[in-house]
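K.L.:
Submitted below is the structure of interest, expressed as structure tokens.
The values are calculated or read from the model by the stated rules, or taken from the named source; none is laboratory data. Note that the coordinates shown come from a computational prediction; the quantities given were computed from them, not determined experimentally. Here the Cβ is made from the backbone with ideal geometry for all residues, glycine too, and neighbour counts use every protein chain on show.
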Amino acid sequence: MELLLDILEDIHPDVNFKEKTGLIDEGILDSFDIIRIVADIDEEFDVAIPPEEIIPENFNSAKSLYELIERLLGN
């Protein structure tokens with residue numbers, strides 16, 4: 001989870017990703033941020049996020065995003 005938080009905080013250092021929910025719903029993350037996050041996750045976790053998984057529910061919090069990564073890794 002710490003690596004994911006580092007990725008997110010690199011994009012928006014002013015956001016408390018440990019507690020913030022509604023990242024998409026509140027407009028904190030935009031489409032360019034999502035593209036960067038997907039690329040960084042691919043690079044750091046060696047997991048590709050398929051297009052059908054790029055939905056607001058998976059990106060609204062660090063927790064939901066980490067759960068997606070874990071699911072894609074088969075953990």
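K.L.:
Within segment 48-72, which residues are farther than 19 Å from LEU23 by Cα and out of contact with any helix residue (DSSP H, G or I) (no Cβ under 7 Å at 6 or more places or on another chain)?
P.N.:
Residues satisfying the conditions are PRO50, GLU70, ARG71, LEU72.
K.L.:
Let me ask you something else. Could you check segment 1-16 and list, in sequence order, the residues that are surrounded by 12 or more Cβ atoms within 10 Å (Cβ to Cβ) and either under 21 Å from LEU72 (Cα atoms) or basic (Lys, Arg) (or both)?
P.N.:
Let us first name the residues in segment 1-16 that are surrounded by 12 or more Cβ atoms within 10 Å (Cβ to Cβ), namely 1, 3-9, 11-12, 15.
Residues satisfying the conditions are MET1, LEU3, LEU4, LEU5, ASP6, ILE7, LEU8.
K.L.:
Hey, any hits in segment 26-37 for a residue that's touching a helix residue (DSSP H, G or I) at 6+ places or on another chain (Cβ under 8 Å), among the aromatic types (Phe, Trp, Tyr) and at pLDDT 95 or above?
P.N.:
Quick first cut of segment 26-37, residues touching a helix residue (DSSP H, G or I) at 6+ places or on another chain (Cβ under 8 Å) only: 29, 33-34, 36-37.
Those still in the list that are among the aromatic types (Phe, Trp, Tyr) too: none.
Among the residues of segment 26-37, not one is touching a helix residue (DSSP H, G or I) at 6+ places or on another chain (Cβ under 8 Å), among the aromatic types (Phe, Trp, Tyr) and at pLDDT 95 or above, which makes the answer no.
K.L.:
A follow-up question, please. Inside segment 1-22, can you point out the residues that are over 10 Å from the mean Cα position of the chain (by Cα) and either within 15 Å of ILE69 (Cα to Cα) or among the acidic types (Asp, Glu) (or both)?
P.N.:
MET1, GLU2, LEU3, ASP6, GLU9, ASP10, ASP14, GLU19, listed by residue number.
K.L.:
Continuing with the same structure: Which condition number in (1) in a loop (DSSP other than H, G, I, E, B); (2) within 12 Å of the chain's Cα centre (by Cα) is the one that ASP25 fails?
P.N.:
Only one criterion in (1) in a loop (DSSP other than H, G, I, E, B); (2) within 12 Å of the chain's Cα centre (by Cα) is unmet by ASP25, namely (2).
K.L.:
Just need a number here: residues in segment 35-59 that are surrounded by 16 or more Cβ atoms within 10 Å (Cβ to Cβ), over 8 Å from the mean Cα position of the chain (by Cα) and either over 14 Å from ILE7 (Cβ atoms) or touching a residue at least 40 places away in the same chain (Cβ under 8 Å) (or both).
P.N.:
The total comes to 1.
K.L.:
Here are some residues: ASP42, ASP46, ASP14. Which one is on the phi > 0 side of the Ramachandran plot, modelled with pLDDT of 95 or more and of a type in the set (Asp, Glu)?
P.N.:
Details: ASP42 fails: on the phi > 0 side of the Ramachandran plot; ASP14 fails: on the phi > 0 side of the Ramachandran plot.
Checking each option against the conditions leaves just ASP46.
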